[in-house]
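Participant: Structure incoming, see below.
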């Protein structure tokens with residue numbers, strides 16, 4: 001079998017393995033939302049509703065049927081790609097996810113790229129020069145990053161750069177009111193603006209993105225920098241690096257090819273983990289910067305027991321993580337020298 | 001090409017803004033003579049107020065995009081700000097109306113110049129279809145219609161294209177004002193029926209996204225979860241043409257962000273700001289704050305009569321004598337509002353809300369507790385709605401201290417917003433809780449109807465007094481100039497203070513912050529922003 005086909009087969013197998021997991025998540029999430037103490041019918045019936053109108057709403061929401069029937073209806077709809085209506089926002093869940101997931105991903109991925117670009121060189125420098133000023137700066141940034149809650153960093157940045165200095169645009173979402181969003185292709189405003197060739201809109205989108213991005217990047221800097229530093233220290237002290245040095249390879253070559261490439265493996269794993277918790281943790285950043293993201297949507301839905309919305313959110317997250325894990329495994333095979341040699 | 005260039009081109013071709021697929025949007029910081037930007041904390045989840053699940057923030061669409069048959073006039077408040085006037089019903093779509101001598105038949109003459117946005121004239125048939133819809137869809141609209149004694153399509157009749165008749169089962173003073181609430185909006189029935197289906201005869205799916213009205217503003221754009229953009233309807237006949245061509249409602253969930261935006265002048269108004277911000281912002285240059293006491297609304301502490309010790313009236317009175325009202329008013333209300341304690345011993349007026357006779361008096365409270373056999377106190381959970389934490393949390397802490405002085409050990413329980421309705425209002429099982437009911441229709445008997453009759457939603461404390469129930473039943477539909485009216489209301493107030501299941505703390509305010517350059521704001525009972533009256537200075 002050609003190696004390429006073999007790889008595809010492995011990927012397909014991995015995807016197949018995820019099916020029971022996702023189904024399990026569906027069941028658990030379905031039961032958990034029903035176990036929440038709130039009564040969505042009473043909530044959505046409105047401020048003056050009497051018992052009769054609450055029952056009417058319960059019927060419209062389909063919550064008067066037995067749990068099993070509800071679940072079968074839910075899975076049936078799901079099979080047709082219908083995630084139901086999010087009562088709290090009045091939109092179909094699928095369109096909410098389609099517009100909000102890219103907003104959150106743009107923020108999260110942007111923040112990760114930014115913090116990766118800062119944290120990795122910082123970690124490498126700190127590892128090669130332990131206990132020098134670079135190491136101390138690294139330690140300071142890392143401590144500050146983890147210990148400051150994101151909403152605080154967000155508010156502080158907003159206070160300085162918007163309120164006092166006026167450099168940042170008004171923190172009112174993804175795009176200033178002067179512009180209309182470019183035609184949606186990917187849902188990422190920056191990418192869509194590039195596709196449409198609307199450079200002014202790209203600038204505006206980046207301007208809105210700047211503060212929340214920095215807030216999140218500061219927060220994610222810590223684990224990545226720490227992990228890079230620790231992994232680099234470990235590989236630099238290991239036998240094969242010593243051998244490489246003894247064999248007379250240049251310091252630069254040893255650092256990049258031997259040490260760094262090996263140290264990158266735990267860093268990538270960390271990156272995956274950081275991505276997953278940031279997607280959840282950016283709720284607060286989304287609130288502060290009025291970012292129409294998935295986190296604030298999910299929290300609001302949970303607060304009002306909006307079942308369809310919560311289930312849709314959990315399902316999309318589950319799928320996202322299956323994809324993410326797969327992606328990380330693929331990246332592994334690319335950077336891990338041992339895996340690489342096998343192919 | 002950016003929007004400005006595009007529009008420059010467009011205007012030179014003299015294309016009206018209304019036919020443009022896109023429209024010029026100015027930067028918020030330059031919110032100009034033409035555009036106002038209003039930030040709100042909530043989210044708009046539907047453009048149709050009749051739909052089940054439509055939330056409070058969405059009511060503003062019914063107010064700004066639709067007309068009703070009638071509306072309320074304007075009055076000046078003691079502080080110079082403006083408020084709607086409950087006692088002055090004014091025409092909106094109906095240019096005039098007659099009420100029969102027995103008070104059961106109301107005939108409305110619909111303005112012949114009124115047209116929907118699509119140019120179709122507004123007829124009595126549209127009115128009939130719209131009111132039928134409100135009483136038939138169930139849920140909140142039907143309940144609110146019922147409050148005005150409007151419950152069945154048979155009561156509504158289109159006599160000809162421009163004459164509409166409502167027949168009431170019995171005369172009621174609530175019927176006409178109820179027609180001025182946000183619920184009985186007049187919908188373009190042809191546009192809606194064209195989109196109705198067998199499953200959805202009232203076109204709820206269509207109207208949810210596409211308002212079809214005759215009101216002062218149209219919806220130019222709705223990005224759910226982000227913003228709503230209103231565009232003025234220059235052919236509006238329901239009132240004076242509004243001052244702003246365009247109003248953008250922007251959803252900003254974080255209160256601190258909303259405050260930064262209004263303080264820096266990036267937006268024209270910030271709606272419904274907390275008391276603390278109202279107090280502080282009022283002192284800043286460039287910003288003005290309008291605080292209006294919310295009519296027929298009291299922040300109260302409620303004692304549940306199903307909780308054993310509270311079954312004794314004296315214990316409830318003891319609680320009322322043990323509350324540090326003044327401190328609560330300073331620390332929870334930031335002195336925004338009207339004190340509701342320390343009134344006279346006898347009820348001598350029928351204004352509502354009015355000060356209760358209670359005040360902080362620990363001696364009196366202890367004596368009452370001893371009399372009731374609770375000298376050593378008891379334990380009770382004190383609950384509040386987490387969504388109201390800004391005032392309820394400091395108030396609860398101070399109440400807890402006051403109760404400790406009469407040996408009642410209160411443990412504070414915070415309940416999330418969604419559970420609140422079920423636990424507090426539907427199941428009515430919270431022994432001691434903070435509540436803030438306010439009635440849309442501004443008469444005392446309407447307040448008592450919702451809050452003092454056993455089983456009604458806002459009687460979250462299971463108060464049951466046959467005399468009170470009888471009084472409310474007699475008075476609810478009675479005209480306010482009826483000879484018995486004042487005496488009945490007075491007796492209700494006496495009972496409410498004597499039995500004291502609901503202890504008034506203070507009358508809250510609705511606070512709205514504006515940039516100096518925005519004029520014309522008017523307070524409304526529905527507590528939403530009526531953008532039709534706003535104008536650039």
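The values are calculated or read from the model by the stated rules, or taken from the named source; none is laboratory data. No experiment lies behind these values; they were computed from the predicted model shown. In this analysis, Cβ positions are derived from the backbone assuming ideal geometry, glycine residues included, and neighbour counts consider all displayed protein chains.
Participant: Can you tell me which residue among A:173, A:166, A:197, A:154 is within 11 Å of another protein chain (Cβ to nearest Cβ), surrounded by 20 or more Cβ atoms within 10 Å (Cβ to Cβ) and on the phi > 0 side of the Ramachandran plot? Write out each step before concluding.
Facilitator: On the way: A:166 fails: surrounded by 20 or more Cβ atoms within 10 Å (Cβ to Cβ); A:197 fails: surrounded by 20 or more Cβ atoms within 10 Å (Cβ to Cβ); A:154 fails: on the phi > 0 side of the Ramachandran plot.
Among A:173, A:166, A:197, A:154, only A:173 is within 11 Å of another protein chain (Cβ to nearest Cβ), surrounded by 20 or more Cβ atoms within 10 Å (Cβ to Cβ) and on the phi > 0 side of the Ramachandran plot.
Participant: When you scan the range A:43-78, how many residues do you find that are farther than 14 Å from residue A:306 by Cβ, assigned to a loop (DSSP other than H, G, I, E, B) and more than 8 Å from every other protein chain (Cβ to nearest Cβ)?
Facilitator: Going through the range A:43-78 one residue at a time, the tally reaches 3.
Participant: Given the options A:99, A:95, A:88, name the one that is in contact with a helix residue (DSSP H, G or I) (Cβ under 7 Å, 6 or more places away or on another chain) and within 13 Å of chain B (Cβ to nearest Cβ). Talk me through it step by step, then tell me what you get.
Facilitator: Numbers: A:99 fails: in contact with a helix residue (DSSP H, G or I) (Cβ under 7 Å, 6 or more places away or on another chain); A:95 fails: in contact with a helix residue (DSSP H, G or I) (Cβ under 7 Å, 6 or more places away or on another chain).
Among A:99, A:95, A:88, only A:88 is in contact with a helix residue (DSSP H, G or I) (Cβ under 7 Å, 6 or more places away or on another chain) and within 13 Å of chain B (Cβ to nearest Cβ).
Participant: Go through the range A:5-42 and give me each residue that's within 14 Å of chain B (Cβ to nearest Cβ) and exposed (fewer than 13 other Cβ atoms within 10 Å of the Cβ).
Facilitator: A:35, A:37
Participant: Got a number for residues in the range B:257-278 being in contact with a strand residue (DSSP E or B) (Cβ under 8 Å, 6 or more places away or on another chain), away from chain A (no Cβ under 12 Å) and assigned to a helix (DSSP H, G or I)?
Facilitator: Going through the range B:257-278 one residue at a time, the tally reaches 3.
Participant: Which one is surrounded by the most Cβ atoms within 10 Å (Cβ to Cβ), of the residues in the range A:79-108 that are free of Cβ contacts under 8 Å to residues at least 12 places away in the same chain and assigned to a helix (DSSP H, G or I)?
Facilitator: We begin by selecting, within the range A:79-108, every residue free of Cβ contacts under 8 Å to residues at least 12 places away in the same chain; these are A:79-80, A:90-92, A:95.
Next, only the ones that are assigned to a helix (DSSP H, G or I) stay: A:79, A:95.
Working: A:79: 8, A:95: 14.
The residue in question is A:95.
Participant: Restricted to the range B:403-424, and to residues that are part of a helix (DSSP H, G or I) and out of contact with any helix residue (DSSP H, G or I) (no Cβ under 8 Å at 6 or more places or on another chain), which residue is farthest from the other protein chains (Cβ to nearest Cβ)? Reasoning before the result, please.
Facilitator: Step one: filter the range B:403-424 for residues part of a helix (DSSP H, G or I), giving B:403-404, B:417-424.
Now restrict to residues that are out of contact with any helix residue (DSSP H, G or I) (no Cβ under 8 Å at 6 or more places or on another chain): B:404, B:419, B:423-424.
Values: B:404: 29, B:419: 4, B:423: 8, B:424: 10 Å.
Here the residue is B:404.
Participant: Checking residue A:216 against (1) assigned to a helix (DSSP H, G or I); (2) within 14 Å of another protein chain (Cβ to nearest Cβ); (3) surrounded by 20 or more Cβ atoms within 10 Å (Cβ to Cβ); (4) at pLDDT 90 or above: exactly one of these is not met. Which one?
Facilitator: Of everything listed in (1) assigned to a helix (DSSP H, G or I); (2) within 14 Å of another protein chain (Cβ to nearest Cβ); (3) surrounded by 20 or more Cβ atoms within 10 Å (Cβ to Cβ); (4) at pLDDT 90 or above, residue A:216 misses just condition (2).
Participant: Can you spot a residue in the range A:106-121 that is more than 14 Å from chain B (Cβ to nearest Cβ) and over 21 Å from the mean Cα position of the chain (by Cα)?
Facilitator: So in the range A:106-121, the residues more than 14 Å from chain B (Cβ to nearest Cβ) come out as A:106-121.
Next cut, over 21 Å from the mean Cα position of the chain (by Cα) only: A:121.
Taking every residue of the range A:106-121 in turn, at least one turns out to be more than 14 Å from chain B (Cβ to nearest Cβ) and over 21 Å from the mean Cα position of the chain (by Cα).
Participant: Still on this structure, I have one more. Which of the numbered conditions does residue B:235 fail, given that it passes all the others? Conditions: (1) within 14 Å of chain A (Cβ to nearest Cβ); (2) surrounded by fewer than 16 Cβ atoms within 10 Å (Cβ to Cβ); (3) touching a residue at least 60 places away in the same chain (Cβ under 8 Å).
Facilitator: Condition not satisfied by residue B:235: (1).
Participant: State which residue is farthest from the chain's Cα centre (by Cα) when the search covers only the range B:112-139 and only residues that are within 14 Å of another protein chain (Cβ to nearest Cβ) and assigned to a helix (DSSP H, G or I). Don't jump to the end; show me each part of the working.
Facilitator: Of the range B:112-139, the ones within 14 Å of another protein chain (Cβ to nearest Cβ) are B:134-139.
When the remaining residues are screened for being assigned to a helix (DSSP H, G or I), the result is B:134-136.
Details: B:134: 18, B:135: 20, B:136: 22 Å.
It comes out as B:136.
Participant: How many residues does the range B:245-256 contain that are assigned to a loop (DSSP other than H, G, I, E, B), within 14 Å of chain A (Cβ to nearest Cβ) and touching a strand residue (DSSP E or B) at 6+ places or on another chain (Cβ under 7 Å)?
Facilitator: Here is the first cut: in the range B:245-256, the ones assigned to a loop (DSSP other than H, G, I, E, B) are B:245, B:252-254.
Okay, now just the ones that are also within 14 Å of chain A (Cβ to nearest Cβ), so B:252-254.
Next, only the ones that are touching a strand residue (DSSP E or B) at 6+ places or on another chain (Cβ under 7 Å) stay: B:252.
The qualifying residues number 1.
Participant: OK, next. Take the residues of the range A:176-190 that are closer than 20 Å to residue A:211 by Cβ and touching a residue at least 40 places away in the same chain (Cβ under 8 Å): which is surrounded by the most Cβ atoms within 10 Å (Cβ to Cβ)?
Facilitator: We begin by selecting, within the range A:176-190, every residue closer than 20 Å to residue A:211 by Cβ; these are A:176-179, A:181, A:188-190.
Subset that is touching a residue at least 40 places away in the same chain (Cβ under 8 Å): A:188-190.
Numbers: A:188: 20, A:189: 25, A:190: 19.
Among those that are closer than 20 Å to residue A:211 by Cβ and touching a residue at least 40 places away in the same chain (Cβ under 8 Å), it is A:189.
Participant: OK, next. Exactly one of (1) within 26 Å of residue B:462 (Cβ to Cβ); (2) within 27 Å of the chain's Cα centre (by Cα) is unmet by residue B:335. Its number?
Facilitator: (1)
Participant: Just give me the residues in the range B:193-203 being surrounded by fewer than 19 Cβ atoms within 10 Å (Cβ to Cβ) and away from chain A (no Cβ under 13 Å), in sequence order.
Facilitator: Step one: list which residues in the range B:193-203 are surrounded by fewer than 19 Cβ atoms within 10 Å (Cβ to Cβ), which gives B:193-201.
Passing the criteria: B:193, B:194, B:195, B:196, B:197, B:198, B:201.
Participant: Return yes when residue B:357 is at pLDDT 95 or above and outside any loop (DSSP other than H, G, I, E, B) and no when it is not. Full working, then the answer.
Facilitator: On the way: at pLDDT 95 or above: yes; outside any loop (DSSP other than H, G, I, E, B): no.
It is false that residue B:357 is at pLDDT 95 or above and outside any loop (DSSP other than H, G, I, E, B).
Participant: Looking at the range A:136-154 only, could you name the residues that are more than 21 Å from the chain's Cα centre (by Cα) and touching a residue at least 12 places away in the same chain (Cβ under 8 Å)?
Facilitator: Initially, the range A:136-154 is screened for residues more than 21 Å from the chain's Cα centre (by Cα), giving A:136-141, A:143-144.
A:137, A:138, A:139, A:141, A:143, A:144 - these are the residues of the range A:136-154 that are more than 21 Å from the chain's Cα centre (by Cα) and touching a residue at least 12 places away in the same chain (Cβ under 8 Å).
Participant: Could you check, for the range B:92-105, whether at least one of its residues is under 11 Å from residue B:162 (Cβ atoms), away from chain A (no Cβ under 14 Å) and in contact (Cβ under 8 Å) with a residue 40 or more places away in the chain?
Facilitator: Among the residues of the range B:92-105, at least one is under 11 Å from residue B:162 (Cβ atoms), away from chain A (no Cβ under 14 Å) and in contact (Cβ under 8 Å) with a residue 40 or more places away in the chain, which makes the answer yes.
Participant: If I filter the range B:173-183 for residues that are over 24 Å from residue B:45 (Cα atoms), away from chain A (no Cβ under 13 Å), crowded, with 20+ Cβ neighbours inside 10 Å and touching a strand residue (DSSP E or B) at 6+ places or on another chain (Cβ under 9 Å), do I get at least one hit?
Facilitator: Taking every residue of the range B:173-183 in turn, at least one turns out to be over 24 Å from residue B:45 (Cα atoms), away from chain A (no Cβ under 13 Å), crowded, with 20+ Cβ neighbours inside 10 Å and touching a strand residue (DSSP E or B) at 6+ places or on another chain (Cβ under 9 Å).
Participant: Tell me, which helices (runs of 4 or more DSSP H) wholly within the range B:140-199 include 2 or more residues that are in contact with a helix residue (DSSP H, G or I) (Cβ under 8 Å, 6 or more places away or on another chain) and modelled with pLDDT of 95 or more?
Facilitator: Working: elements: B:140-147, B:175-178, B:189-193.
Ranges flagged: B:189-193.
Participant: In the range B:279-301, which residue that is in a loop (DSSP other than H, G, I, E, B) and more than 13 Å from chain A (Cβ to nearest Cβ) is farthest from the chain's Cα centre (by Cα)?
Facilitator: Pass one, the range B:279-301, residues in a loop (DSSP other than H, G, I, E, B): B:282-286, B:294-296, B:298.
Still in the running and more than 13 Å from chain A (Cβ to nearest Cβ): B:282-283, B:285-286, B:294-296, B:298.
Working: B:282: 24, B:283: 27, B:285: 30, B:286: 28, B:294: 8, B:295: 9, B:296: 10, B:298: 13 Å.
The extreme case among them is B:285.
Participant: For the range B:204-228, name all the residues that are closer than 27 Å to residue A:300 by Cβ and away from chain A (no Cβ under 14 Å).
Facilitator: B:217
Participant: Would you please name the residue that is surrounded by the most Cβ atoms within 10 Å (Cβ to Cβ), looking only at residues in the range B:394-409 that are within 31 Å of the chain's Cα centre (by Cα) and free of Cβ contacts under 8 Å to residues at least 60 places away in the same chain?
Facilitator: Taking the candidates together, the pick is B:396.
Participant: Hand me the list of helices (runs of 4 or more DSSP H) wholly inside the range A:233-343 holding 3 or more residues that are within 14 Å of another protein chain (Cβ to nearest Cβ) and modelled with pLDDT of 85 or more.
Facilitator: Answer list for the range A:233-343: A:283-288, A:294-303, A:307-335.
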